[in-house]
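S.K.: Here's a structure for you.
The values are calculated or read from the model by the stated rules, or taken from the named source; none is laboratory data. Values in this document were obtained by computation on a predicted structure and should not be read as measured data. Cβ sites come from the backbone with ideal geometry, for glycine too, and all protein chains shown count toward neighbours. Quick note on the areas: whole protein, heavy atoms, side chains included, nothing else; ligands and nucleic acids left out. Shrake-Rupley method; radii C 1.70, N 1.55, O 1.52, S 1.80 Å.
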Amino acid sequence: MSDLPPEPGATPDPWAEWLLTKRHGGDSGHREVLRQALERIRDRVLDGAQLAGAGTLLDLGCGDGLIGLGA
């Protein structure tokens, strides 16, 4: 998950803001627990996808990119 600031002049995306800053309620301990849980789910999804070679992955509605970046 990225903590990068938005590009200057960019319109904030409320969903992205929630994913990156509010989903964990501002609690860094909860954020870490959530990150670990989501990574375990991501790993199961990617294992099930059986990606191989130089294939292409399309992650629609990717949120914070957990699946796409993990792939």
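S.K.: Return a yes/no flag: does the range 50-65 have any residue that is open to solvent by 90 Å² or more (accessible area, probe 1.4 Å), in contact with a helix residue (DSSP H, G or I) (Cβ under 9 Å, 6 or more places away or on another chain) and part of a loop (DSSP other than H, G, I, E, B).
M.R.: For the range 50-65, residues open to solvent by 90 Å² or more (accessible area, probe 1.4 Å), in contact with a helix residue (DSSP H, G or I) (Cβ under 9 Å, 6 or more places away or on another chain) and part of a loop (DSSP other than H, G, I, E, B): present.
S.K.: Spot the failing condition for LEU46; the list is (1) within 13 Å of the chain's Cα centre (by Cα); (2) part of a helix (DSSP H, G or I); (3) hydrophobic (A, V, I, L, M, F, W, C), and only one is missed.
M.R.: If we test LEU46 against (1) within 13 Å of the chain's Cα centre (by Cα); (2) part of a helix (DSSP H, G or I); (3) hydrophobic (A, V, I, L, M, F, W, C), just (1) comes out false.
S.K.: Are any residues in the range 22-35 modelled with pLDDT of 85 or more and in a loop (DSSP other than H, G, I, E, B), and if so, which ones?
M.R.: ASP27
S.K.: With respect to GLY68, determine if the residue is surrounded by 11 or more Cβ atoms within 10 Å (Cβ to Cβ), in contact with a helix residue (DSSP H, G or I) (Cβ under 8 Å, 6 or more places away or on another chain) and modelled with pLDDT under 85.
M.R.: Criteria not met by GLY68.
S.K.: Given the structure, is THR11 among the hydroxyl-bearing types (Ser, Thr, Tyr), assigned to a loop (DSSP other than H, G, I, E, B) and without any contact (Cβ under 8 Å) to a residue 60 or more places away in the chain? Spell out how you get there, then give the answer.
M.R.: Values: among the hydroxyl-bearing types (Ser, Thr, Tyr): yes; assigned to a loop (DSSP other than H, G, I, E, B): yes; without any contact (Cβ under 8 Å) to a residue 60 or more places away in the chain: yes.
Against the criterion (among the hydroxyl-bearing types (Ser, Thr, Tyr), assigned to a loop (DSSP other than H, G, I, E, B) and without any contact (Cβ under 8 Å) to a residue 60 or more places away in the chain), THR11 qualifies.
S.K.: Given the conditions (1) at pLDDT below 80; (2) over 12 Å from the mean Cα position of the chain (by Cα); (3) not polar (S, T, N, Q), report the number of the one that LEU19 does not fulfil.
M.R.: Tallying (1) at pLDDT below 80; (2) over 12 Å from the mean Cα position of the chain (by Cα); (3) not polar (S, T, N, Q), LEU19 fails exactly one: (2).
S.K.: Within the range 3-13, does at least one residue satisfy the condition of being out of contact with any Cys (no Cβ under 7 Å at 6 or more places or on another chain) and modelled with pLDDT of 85 or more?
M.R.: Here is the first cut: in the range 3-13, the ones out of contact with any Cys (no Cβ under 7 Å at 6 or more places or on another chain) are 3-13.
Remaining after also requiring modelled with pLDDT of 85 or more: none.
Taking every residue of the range 3-13 in turn, none turns out to be out of contact with any Cys (no Cβ under 7 Å at 6 or more places or on another chain) and modelled with pLDDT of 85 or more.
S.K.: Look at LEU38 and say whether it is within 15 Å of GLY70 (Cβ to Cβ) and either outside any helix (DSSP H, G or I) or within 12 Å of the chain's Cα centre (by Cα) (or both).
M.R.: Yes.
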